[in-house]
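Here is the structure we will look at, set down as structure tokens.
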Amino acid sequence: IGTGGIANAFAKDLSYLKDHRLAAVGSRTIINAQNFASKYSGCVGYASYSELVADPNLDGIYIATPNNFHVEHTILALDAGKPVLCEKPFAINTSEVELMVNTATQNQLTLIEAMWTRFLPHIEIVRKIIDSDVLGNIHTLQADHGQRLSDSNNPRLWEPALGGGALLDLGIYVVSFAHLILGVPDKITAKSNFTDKGVDEQTSAIFEYKNGAQAILNTTLSNSTPCRAIVSGVNGWLEIDRTFYNPAAMRVVLHDGTKTEYPNNYKGHGLREQAIEFSRCVRSRLIESPLMP
């Protein structure tokens, strides 16, 4: 559902997979649907989302519409009996999330947020590094994601009604990474700079945890930042190069002088990894992914 930039990037990355196929696309207009569908062999274009979810030949639906439509289109697909992979951010607020999750549970259908970074090979290595305790107790996590988008006129970035702002568009990556490593924080301190329309152009936050660990996070639409992530423990640190949320090189540096490099040899964007996990969960009849619960 949707024919924007992320939908095109996802569809292109699927071409690396021989056992996955883009079968149909739905748009608000038949012209957009047909133009998108024409790029992919065997893809059918539908002039409405209702027609798309009613197609009995589809195994799952990928939601790639603006943030404010995620809840509506997810419920539409789930009520039609289709598992859903929904673009991040999953929803605008907690109430929407609860409605989406409850609907998936009631229908016993897979529902996964398309936080694609969680499914990348280098993040699987990150999990193993953290679980190995080679870094020792983790005390500090630092992550940033900034892009110079202040000159962009894309309404999804700047309109409150569309779920705009730095936190929902870019900051979700740093928040998700902190959650992956340290879990749910016990205290959050944050400061935002807001536009005249009321969306955050920049947000910085400190997440605090009962064990004394802190996550220092920044996201901004005002300027490009290094987009790196560092996890520091008593024995050393893990550093992930730019851009940490994409397939990226990284290394573990220990205080005893040991350095272990993890080069980036990945081909393609990386969006296909979430499709692989989504398919696995659908086949296993899981309501959520253990990699992105």
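Things to note:
- Of residues in region 255-285 being buried (at least 16 other Cβ atoms within 10 Å of the Cβ) and of a type in the set (A, V, I, L, M), the one nearest to the chain's Cα centre (by Cα): 271
- Here the condition is being in contact (Cβ under 8 Å) with a residue 60 or more places away in the chain and either at negative phi or not assigned by TED's automatic domain parsing to the domain that holds residue 169 (or both); of 16, 46, 40, it holds for 16 alone.
- Scope region 261-281; condition of a type in the set (Lys, Arg) and over 15 Å from residue 11 (Cβ atoms); matching residues: 267, 280
- Across region 20-58, the qualifying residues are those that are assigned to a loop (DSSP other than H, G, I, E, B) and in contact with a Ser or Thr (Cβ under 8 Å, 6 or more places away or on another chain), and the one among them that is surrounded by the fewest Cβ atoms within 10 Å (Cβ to Cβ) is 28.
- Among the candidates 164, 212, residue that is touching a Phe, Trp or Tyr at 6+ places or on another chain (Cβ under 8 Å) and small (Gly, Ala, Ser): 164
- Among (1) touching a residue at least 40 places away in the same chain (Cβ under 8 Å); (2) buried (at least 22 other Cβ atoms within 10 Å of the Cβ); (3) hydroxyl-bearing (Ser, Thr, Tyr) - the single one residue 203 does not satisfy: (1)
- Of all residues in region 126-140, none satisfies being within 16 Å of residue 70 (Cβ to Cβ) and modelled with pLDDT of 95 or more.
- Qualifying residue in region 80-98 (condition: modelled with pLDDT of 95 or more, over 18 Å from residue 168 (Cα atoms), among the aliphatic types (A, V, I, L, M) and surrounded by fewer than 17 Cβ atoms within 10 Å (Cβ to Cβ)): no
- Looking across 198, 268, 212, one residue alone is among the small types (Gly, Ala, Ser), free of Cβ contacts under 8 Å to residues at least 60 places away in the same chain and either more than 19 Å from residue 113 (Cβ to Cβ) or assigned to a strand (DSSP E or B) (or both). It is 198.
- Residues in region 197-245 that are within 18 Å of the chain's Cα centre (by Cα) and small (Gly, Ala, Ser): 229 alone.
- Of all residues in region 134-177, exactly one satisfies the criterion of being under 23 Å from residue 249 (Cβ atoms) and charged (D, E, K, R), namely 144.
- Region 127-151, subset in a loop (DSSP other than H, G, I, E, B) and touching a residue at least 40 places away in the same chain (Cβ under 8 Å), residue nearest to residue 116 (Cα to Cα): 147
The values are calculated or read from the model by the stated rules, or taken from the named source; none is laboratory data. What you see is a predicted model, and the numbers here were worked out from it, not measured in a lab. Virtual Cβ from ideal backbone geometry, glycine too; neighbours counted across all protein chains shown.
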